[in-house]
1. Any idea which of B:130, B:135 is assigned to a loop (DSSP other than H, G, I, E, B) and open to solvent by 10 Å² or more (accessible area, probe 1.4 Å)?
2. If I ask for residues that are in a helix (DSSP H, G or I) and either touching a residue at least 40 places away in the same chain (Cβ under 8 Å) or open to solvent by 30 Å² or more (accessible area, probe 1.4 Å) (or both), which ones from region A:9-26 would you list?
3. Could you tell me how many of the residues in region B:637-689 are β-branched (Val, Ile, Thr) and either open to solvent by 10 Å² or more (accessible area, probe 1.4 Å) or outside the structural domain of residue B:570 (by TED's automatic domain parsing) (or both)?
4. Which strands (runs of 3 or more DSSP E) does region B:300-397 wholly contain that include 1 or more residues that are over 30 Å from residue B:284 (Cα atoms) and in contact with a helix residue (DSSP H, G or I) (Cβ under 7 Å, 6 or more places away or on another chain)?
5. Working carefully through the options B:214, B:183, B:259, find the one that is more than 14 Å from chain A (Cβ to nearest Cβ), of a type in the set (A, V, I, L, M) and open to solvent by 70 Å² or more (accessible area, probe 1.4 Å).
6. Out of (1) away from every other protein chain (no Cβ under 14 Å); (2) over 22 Å from residue B:103 (Cα atoms); (3) among the hydroxyl-bearing types (Ser, Thr, Tyr), what's the single condition that is false for residue B:245?
7. Which one of these is open to solvent by less than 40 Å² (accessible area, probe 1.4 Å), under 29 Å from residue B:72 (Cα atoms) and not hydroxyl-bearing (Ser, Thr, Tyr): B:430, B:453, B:375?
Amino acid sequence: MVAFTLNGKRVSVKTEPATPLLWAIREHLKLTGTKYGCGAGLCGACTVHVNGKAVKSCQIEISSVQGARVLTIEGLSNGATHPLQKAFIAEQVPQCGYCQSGQIMKAAELLAKNPKPSRDQIVAHMNGNICRCGTYNRIVAAIQRASKEG
Amino acid sequence: MTTMTSLEKVTSLGNKVSRRGFLKGAGGLTFAVSLGAGGVQFLTPKQAKALVGHTDMSAWVRISPDNTITILSAGAEMGQGSMTSVPLMLAEELDADWNLVHLEFAPADPKIYGYTRKRRGRMTTSMAIVGSRAVMMYYKPMRMAGAQVRKVLMQNAAKKWGVPVSQVRTEPSVVIGPGGKRLTYGEIAGFAKVPAILPKVSASELKKPRDFRLIGKSLPRRDIVGKVDGSAKFSIDVMLPGMVYASTVHSPVQGAKPLSWNEAKLKKLKGFIGTVKLKQGIAVIADNFEHVLAARNDLEVKWSKARAEGYNSEEALEKDYPKKSADPKTKAKKIEARGDVDKAFASAAKTYAADYRCDYGYHAQMEPLNAVARINGAGNRMEIWEGTQAPGRSRSGIAKALGFKTGQVIHHQMYMGGGFGRRSRTDYTIEAALISQEIKRPVKMIWTREEDINYGMFRPQTFQHLEAALDGSGKLVGWKHSVIGDGRRLLTGGAKIKKYYKVPNQLIVEQKAGKHGIRTKHWRAVAHVFNVYAIEALIDEVAAAQGMDPLEFRLKNLPLTAKARRVLTKVAQMSDWKKKRPKGRALGLSMTERSGSLGAEVAEVSVDRKTGKIRVHKVWAAMDGGIIVQPEAALHNVESGIIYGLSSVLKERATIKGGAVEQSNFHDYEVLRMADAPEELHVEFLDRPTKPTGIGELGNPGIGAAVANGFHALTGKRLYHMPFTPERVRAALKS
């Protein structure tokens with residue numbers, strides 16, 4: 001049994017300690033906004049925050065989040081009101097949408113530590129998150145918009 | 001009819017209307033519209049029921065007394081925006097207030113919800129959202145249907161007021177009568193009757209483009225909000241009570257069948273439920289997905305022999321294809337033959353020839369293939385949740401595999417985490433259905449990323465030989481193009497050039513490389529990717545040989561169509577073609593035809609001569625897709641095509657050794673990441689007043705040649721093998 005805080009609520013999961021956090025969040029706790037893309041830490045679709053840091057949840061064993069604060073896309077805001085979510089809507093960023101939770105969670109980490117990132121800083125920070133629909137430039141525009149509009 | 005209870009949440013597109021309520025629903029006006037071979041036809045629910053032969057169907061449009069309008073969307077959604085733009089075309093002619101319109105996915109019933117097209121000589125209906133078809137195919141029928149509904153509303157209002165229908169008109173969701181009388185659509189729905197004989201609408205009664213309120217105006221896509229707050233549901237997100245998990249392991253050598261496997265060992269694993277033998281794999285089933293992964297790891301299968309055994313793709317492409325290409329005995333099919341090619345080449349002042357290669361391409365859609373299936377207790381009804389580009393074909397295919405009639409399969413369309421042509425064949429959903437049928441439980445079946453690649457269906461690899469002949473004045477008068485590979489119906493798209501270059505003497509052929517036993521499939525514009533690359537690279541080479549600027553050569557020496565001249569002129573203006581570029585950068589130009597649309601692209605490239613890494617800094621694209629129904633979404637589609645294409649042009653290659661795919665995940669099947677994306681994409685549409693043509697695949701075919709031609713402008717060297725990996729670029733620089 002592993003207990004942690006998920007989007008501000010105490011939760012516990014009964015599973016093997018080595019279970020990837022991704023599958024615990026998605027299938028055990030049924031928060032499906034966090035996506036499975038590669039299972040190997042290569043695409044970023046499963047990005048969540050653990051104690052404020054963006055991690056690839058497919059690479060994190062559930063046992064390592066005992067007592068930690070885990071934040072997923074569902075907990076980022078109430079009703080898509082986080083500045084990044086508003087900016088992603090304004091820029092109409094998502095296409096198929098499957099990678100977007102991961103993109104937004106990764107970008108949220110950046111803005112939390114660097115509210116005014118340069119384009120190069122954005123690209124360097126986001127490079128681990130693949131988008132096959134190729135929304136990269138729109139993601140950059142949305143992050144810049146969120147940075148400006150807060 | 002199945003109970004939907006909690007599942008309505010899963011399948012609903014963010015509105016509260018249940019599908020079931022449509023025909024049975026109390027109050028309101030319900031319209032079923034058939035888009036069958038006879039064109040658009042309104043049906044009463046009773047007629048519609050008779051047509052499809054079962055009762056679990058819905059209407060296209062429902063207007064409720066509370067003024068909401070529900071329109072079913074036949075536009076399968078994979079990011080291209082069809083889910084919004086297809087019903088929007090109906091709403092346009094209905095003159096609906098778009099803010100009052102709810103959308104739901106149409107059921108998988110092509111007879112009712114499909115578009116009509118000619119296929120092998122006869123008219124068929126299809127819901128397949130492939131080949132950039134959604135807007136193009138539904139443009140007329142959706143508008144006709146909307147106009148018909150509007151007419152019924154106007155007739156009912158006119159009757160109520162006792163005035164001729166000619167004295168009423170509409171504003172969004174309101175009928176206006178003489179003296180400013182008003183009835184909202186909802187009010188009319190409260191008393192109106194759908195007439196027994198439904199009004200006919202002629203094409204001339206449709207709105208003129210200048211009167212459009214929705215078409216041509218960029219409206220927010222309906223799927224966006226759910227995709228930024230995590231609530232959008234893909235099939236992988238579906239949860240059912242009592243659901244178990246499965247994953248299929250296929251042979252490393254494509255096409256081999258399982259003979260035996262170590263079930264006894266698996267039985268000792270925690271949470272393991274069992275295996276199901278499928279035609280080309282073993283599905284392992286467990287109580288949760290991590291236990292499925294453990295069972296996948298421990299599964300050992302003895303496989304049969306298969307045709308693909310011993311097939312090496314690199315060897316075939318390097319040695320076998322060129323040999324067969326040059327051999328007149330190789331089986332060949334004419335794609336286009338005009339004029340007298342032999343004579344044109346014999347009497348030509350100059351001739352040119354070049355060979356081009358392109359590797360296998362994998363779709364790498366972000367959502368690994370998966371589906372959820374639930375057999376009922378009696379074993380005679382299968383419920384399916386999947387994201388598919390072809391709901392009709394998928395549903396009937398599942399039924400066939402199960403030994404069911406189509407009506408025994410209840411189909412729930414979900415969002416697709418990328419399609420790109422892969423999700424128009426739902427072999428993975430059939431697997432899920434067969435598993436559920438055998439184990440008699442609801443199941444979520446997910447292919448791992450590794451499985452998704454291993455058992456992939458690829459854009460075929462090809463070798464191409466092209467020749468061009470110029471007359472004494474340097475005009476292009478002869479053209480030969482042969483493409484060879486193994487991919488049924490996947491090799492020739494985009495090989496015909498007559499829609500932009502009216503070369504008088506042409507011979508374009510497809511040659512068969514023989515069967516490799518490797519699964520091939522449509523891939524965002526498929527054959528256009530390699531054909532357009534080869535065509536436009538050779539044109540550039542011929543232009544350079546004349547000492548001419550490639551734009552000038554096209555404008556002066558090629559027999560261009562008017563449409564081609566327009567997009568070329570436009571892209572030249574957009575990119576400021578003649579302007580000097582920063583040191584170390586150069587421009588490349590290319591043309592693309594796809595699904596009736598035409599585009600021209602310019603890429604600004606640089607290269608790191610030490611590493612061989614090409615970088616594309618800017619792309620300009622001038623696109624003629626006729627009337628653009630949703631400009632913002634169309635723009636995103638072209639941008640997406642450019643990036644998807646560029647990924648394939650610079651990085652993506654699948655190779656097969658001994659019949660087995662060599663790549664396994666994103667570390668060895670590399671795709672374009674943000675750092676490699678061009679800093680600037682400039683896309684413009686020509687806004688021609690012609691009917692809409694395809695947009696979704698217009699961006700990617702041209703980018704290969706634009707990059708190769710830019711590389712030549714920069715270095716004087718040619719790139720003949722896509723993708724242009726650093727290794728190949730270094731070799732070209734040394735050549």
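1. Numbers: B:135 fails: assigned to a loop (DSSP other than H, G, I, E, B).
Answer to the selection: B:130.
2. Step one: list which residues in region A:9-26 are in a helix (DSSP H, G or I), which gives A:21-26.
A:21, A:25 - these are the residues of region A:9-26 that are in a helix (DSSP H, G or I) and either touching a residue at least 40 places away in the same chain (Cβ under 8 Å) or open to solvent by 30 Å² or more (accessible area, probe 1.4 Å) (or both).
3. From region B:637-689, those β-branched (Val, Ile, Thr) are B:638, B:642-643, B:649, B:655-656, B:661, B:671, B:683; that's our starting set.
Okay, now just the ones that are also either open to solvent by 10 Å² or more (accessible area, probe 1.4 Å) or outside the structural domain of residue B:570 (by TED's automatic domain parsing) (or both), so B:661, B:683.
Number satisfying all stated conditions: 2.
4. Working: elements: B:301-303, B:332-338, B:350-358, B:370-375, B:382-386.
Fully inside region B:300-397 and qualifying: B:350-358.
5. Working: B:214 fails: open to solvent by 70 Å² or more (accessible area, probe 1.4 Å); B:183 fails: open to solvent by 70 Å² or more (accessible area, probe 1.4 Å).
Sole residue among the options that is more than 14 Å from chain A (Cβ to nearest Cβ), of a type in the set (A, V, I, L, M) and open to solvent by 70 Å² or more (accessible area, probe 1.4 Å): B:259.
6. All conditions pass for residue B:245, except number (1).
7. Numbers: B:430 fails: open to solvent by less than 40 Å² (accessible area, probe 1.4 Å); B:453 fails: under 29 Å from residue B:72 (Cα atoms).
Answer to the check: B:375.
Matching residues to (1) in the same structural domain as residue B:492 (by TED's automatic domain parsing); (2) under 34 Å from the mean Cα position of the chain (by Cα); (3) without any contact (Cβ under 8 Å) to a residue 60 or more places away in the chain; (4) crowded, with 20+ Cβ neighbours inside 10 Å:
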position: B:255; (1), (2), (3), (4): no, yes, no, yes
position: B:279; (1), (2), (3), (4): no, yes, yes, no
position: B:285; (1), (2), (3), (4): no, yes, no, yes
position: B:323; (1), (2), (3), (4): yes, yes, yes, no
position: B:326; (1), (2), (3), (4): yes, yes, no, no
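The values are calculated or read from the model by the stated rules, or taken from the named source; none is laboratory data. Only a predicted model underlies this, so the values are computations on that prediction, with no experimental measurement involved. Every residue, glycine as well, gets a Cβ built from its backbone with ideal geometry; the counts of neighbours run over all protein chains shown. Remember, those area values only see protein heavy atoms, side chains included, never the ligands or the DNA or RNA. Shrake-Rupley method; radii C 1.70, N 1.55, O 1.52, S 1.80 Å.
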